[in-house]
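So the structure is just underneath, and the comments pick up after that.
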2 protein chains.
Amino acid sequence: MSNATIYDVAGAAGVSLATVSRVLNNPEKVKEETRQRVLKVIKELGYRPNVIARGLASRKTTTVGVVISDITRASVAEMLGGISDIAQNYHYSIKLFAIREDMDVIDTLHDIVAEQVDGVLYLNDELNENRVEDIKRMFNSNGIPFVFANVVSDDPDVPTVSIDYEKAGYEITKLLINDNRKNVYLLSTARRYSVNDKKEAGYVRAMEEAKLEPKIFRTSGDTNINRQHFSTFFSDKKIDAAIGVRDSIAVSFMNIARDNGRTIPKDLAVAGFQNTKYALLSRPNLTSIDVPVYDIGAVSMRLLTKLMNQKDVDNIRISLPHYIVKRQSTN
Amino acid sequence: MSNATIYDVAGAAGVSLATVSRVLNNPEKVKEETRQRVLKVIKELGYRPNVIARGLASRKTTTVGVVISDITRASVAEMLGGISDIAQNYHYSIKLFAIREDMDVIDTLHDIVAEQVDGVLYLNDELNENRVEDIKRMFNSNGIPFVFANVVSDDPDVPTVSIDYEKAGYEITKLLINDNRKNVYLLSTARRYSVNDKKEAGYVRAMEEAKLEPKIFRTSGDTNINRQHFSTFFSDKKIDAAIGVRDSIAVSFMNIARDNGRTIPKDLAVAGFQNTKYALLSRPNLTSIDVPVYDIGAVSMRLLTKLMNQKDVDNIRISLPHYIVKRQSTN
DNA sequence: CTGAAAGCGCTTACAG
DNA sequence: CTGAAAGCGCTTACAG
């Protein structure tokens with residue numbers, strides 16, 4: 001039963017509650033001797049300050065809200081790991097807000113504001129620029145610092161942590177072109193995400209630079225990308241390379257290609273994005289862009305703590321390095 | 001700026017704050033007419049009660065703590081999805097507590113208690129029975145309801161939501177035995193999890209029933225299960241079937257088997273647990289036990305709400321149905 | 001059905 | 001360096 005209150009501690013230590021509070025929050029303001037005495041009592045009683053009461057009095061909850069649009073996305077868990085590790089270092093708690101398709105985002109944001117979090121981390125795209133502006137306005141008008149993690153936005157006032165997806169798209173395409181592939185397809189998603197738009201832009205840039213025709217194929221689904229969609233693909237089209245905007249799309253496509261008699265990578269080179277476990281479990285192993293998802297989470301959280309503590313931040317738009325992991329699905 | 005307080009609402013509506021509070025919490029106690037007036041003002045002012053103040057006054061935070069040992073585990077994200085959906089229905093918030101290897105669990109539990117959550121969901125094990133007892137004692141002594149999700153424990157007083165892993169282990173083994181496989185291996189983890197112990201028990205039961213010798217092979221790692229570990233495996237051992245306690249282990253093993261010239265499923269049948277995306281992206285597709293992870297999350301959360309509201313709960317140990325998804329890796 | 005008042009467990013100026 | 005007091009924004013008996 002560690003339900004001792006600050007009054008109990010004050011009483012047992014023979015000091016006022018103000019002093020106990022100071023020992024916890026501004027120890028340097030308390031005489032060494034008094035502090036030791038109070039600390040001893042705190043330990044004996046197993047006292048832990050009630051964070052709710054503290055939150056009300058100080059108007060700081062040491063809690064950050066983490067908004068997630070699609071919680072089942074593979075990257076989310078790892079990003080949460082990074083966020084959580086840093087949050088623990090800074091003694092912040094994490095409140096999770098999972099947004100479902102059927103929910104009104106703005107309404108959820110109002111809820112988050114009512115939850116009195118000190119800051120917000122907004123994860124993982126599917127956001128267009130308008131949405132980003134709405135969110136920015138909402139949090140700004142309530143004075144709540146926020147950081148977008150793994151979201152792409154061109155607004156210079158919006159704090160973001162991500163990788164340079166355009167460059168990544170360019171580089172992976174370049175890799176295939178340099179392998180003398182002429183008909184390189186980009187397999188993207190039917191739904192438009194800002195992140196995938198960037199990948200596409202990089203892909204297009206590399207193709208045009210090489211005087212090749214960009215060919216973007218949009219698929220819905222993921223692990224089971226529409227087989228029908230692809231059934232005529234191999235008879236109709238000339239294709240010697242494909243890039244999936246996600247590993248799962250790339251692996252899925254690679255499997256279908258093999259079912260259609262293509263040898264990987266001889267006939268067809270395939271690459272993906274994110275370097276997930278899928279890339280390692282596929283045969284052949286998939287070449288993929290490694291996105292430092294954990295780091296994106298960790299760095300966003302660190303940036304957010306700075307913003308919450310009104311530290312001067314030199315750069316609110318952080319781009320983390322990525323690299324290509326070359327495996328057997330390409331030469 | 002939705003920072004109107006209850007005072008503002010009371011003032012604008014010409015009532016006391018007690019009445020505003022009642023409109024929010026016990027609307028039936030307020031005269032229709034008054035209620036409408038207050039509701040109108042609430043809307044106009046965009047008032048949302050400060051949940052921290054409410055938490056302090058009512059001693060209920062409508063927040064549940066979710067404890068996660070390994071957040072990167074594939075099942076966690078989906079379970080969180082189930083938890084989150086139900087939590088939203090009941091208007092509970094979720095606070096995340098990720099436990100790292102290097103952390104003292106009991107200390108974390110103390111923190112959670114200090115956070116004043118109304119209840120706790122404990123996910124996804126690596127727990128042995130002693131640990132379960134510690135946790136149970138801790139929360140009981142603080143009067144905090146809790147539910148273990150996807151954790152196996154034999155203590156009848158511990159609320160758990162899971163599937164019958166012993167039975168699942170039995171059934172999948174039986175499937176292989178009925179296909180006339182004689183040398184069925186179980187590929188388990190080096191570390192002992194209660195969940196895997198159950199799978200093993202079911203496997204052993206099926207093997208012994210069939211007068212076959214159980215052979216359990218423990219591996220560390222996962223996606224890249226130790227190749228050296230297995231290098232001599234296929235020359236030394238007679239094996240015509242293998243069950244991985246996780247899909248990733250099964251797929252990884254299947255890949256190595258194929259590298260060693262085995263044809264799946266003719267020479268070697270392989271099955272996994274969890275029916276993750278890995279099972280779908282592997283070639284051949286993996287037969288696997290479907291564990292209703294989302295449902296486990298959802299049902300745990302529902303059970304927890306009952307416990308938090310001291311509803312009579314007839315059954316605090318819920319076992320959800322599972323089934324075998326048969327694919328090409330077995331006959 | 002409604003209001004005045006106490007209280008939830010802290011923090012934080014303000015004095016001293 | 002320490003304490004008395006006000007206040008954070010709510011809820012909840014208690015009266016009426």
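Some notes on this structure:
- Occluded residues from region B:115-146, i.e. those whose accessible area drops by 30 Å² or more once the chain is not alone (1.4 Å probe): B:E115, B:Q116, B:S141, B:N142
- Other-copy label distances relative to B:T34, 7 angstrom Cα-Cβ extension, nm: 4.7
- Accessible area expressed per residue, the protein assembly as shown, with surrounding protein chains retained (probe 1.4 Å, Å²): 43 Å²
- Positive minus negative residues near A:E209 (Lys, Arg vs Asp, Glu; Cβ under 15 Å): +1
- Shielding by partners, peptide A:271-280 (average Cβ within 10 angstrom, other chains): 3
- Close amide H pairs (under 5 Å, H built 1.01 Å from N) link A:Y323 with A:D290, residues at least 5 positions away or on another chain.
- Helix B:165-178 axis, angle to chain B major axis (alpha carbon atoms, nearest 10°): 30 degrees
- Whole-Hz ³J(HN,Hα) from phi, Karplus 6.51 cos²θ - 1.76 cosθ + 1.60, for region B:279-295, glycine and proline x: 4, 7, 8, 7, 10, x, 4, 8, 5, 8, 7, 7, 9, x, 5, 4, 5
- Filter on A:K95/B:K198; B:K136/B:K311; B:K237/B:K266 - keep pairs with C-alpha separation over 27 Å: A:K95/B:K198
- Label-point spacing at B:G14 relative to the other copies reads 5.9 nm, in ascending order, each point sitting 7 Å out from Cα along Cα→Cβ.
- For the residues of A:88-96, the average number of beta carbons from a partner chain within 10 Å of their own beta carbon is 4.
- When shorter helices are ignored and each DSSP H run of at least 4 residues is given -39500 (n - 2.57), the per-residue value for chain A at 222 nm works out to -13500 deg cm²/dmol.
- Whole-percent carbon and sulfur share, accessible surface of region A:6-49, 1.4 Å: 52 percent
- Each chain gives up part of its surface: A and B jointly bury about 4800 Å² of accessible area, both sides summed, for a 1.4 Å probe.
- Calculated label separations, B:E133, copies of the chain, 7 Å along the beta-carbon direction, nm: 6.3
- Amide H within-cut-off set for A:V66, under 5 Å, with H built and near neighbours excluded: A:K95, A:L96, A:F97, A:L121
- Each residue, B:K182 and B:R137, gets one label point 7 Å from its Cα in the Cβ direction; the gap between the two is 5.1 nm.
- Among the residues of B:97-106, the average count of other protein chain beta-carbon atoms within 10 Å of the residue beta-carbon is 2.
- Three-way shape call for region B:165-291 based on the alpha-carbon gyration tensor, with the a/c threshold at 1.5: rounded
- Each residue of region B:72-89 was assigned a 3J(HN,Hα) from its phi angle through the Karplus curve 6.51 cos²θ - 1.76 cosθ + 1.60 (θ = phi - 60°); the sequence is 7, 4, 4, 6, 4, 4, 5, 4, 4, x, x, 4, 4, 4, 5, 4, 5, 4 Hz, with glycine and proline shown as x.
- Drop in accessible area of at least 50 Å² in the complex versus isolated chain, residues of region A:69-84, 1.4 Å probe: A:I71, A:A77
- Phi to ³J(HN,Hα) by Karplus 6.51 cos²θ - 1.76 cosθ + 1.60 over region A:317-329, Hz, x for Gly, Pro: 10, 9, 10, 8, x, 10, 8, 8, 9, 8, 10, 6, 7
- Under-5 Å amide H pairs with B:A241, H placed in peptide plane, nonlocal only: B:N183, B:Y185, B:A269
The values are calculated or read from the model by the stated rules, or taken from the named source; none is laboratory data. Small disclaimer: the values here were computed from a predicted structure and weren't measured. Using ideal geometry, Cβ is built from the backbone for each residue, glycine included, and neighbour counts are taken over all protein chains shown. All accessible areas refer to the heavy atoms of the entire protein, side chains included, with ligands and DNA or RNA removed. Shrake-Rupley method; radii C 1.70, N 1.55, O 1.52, S 1.80 Å.
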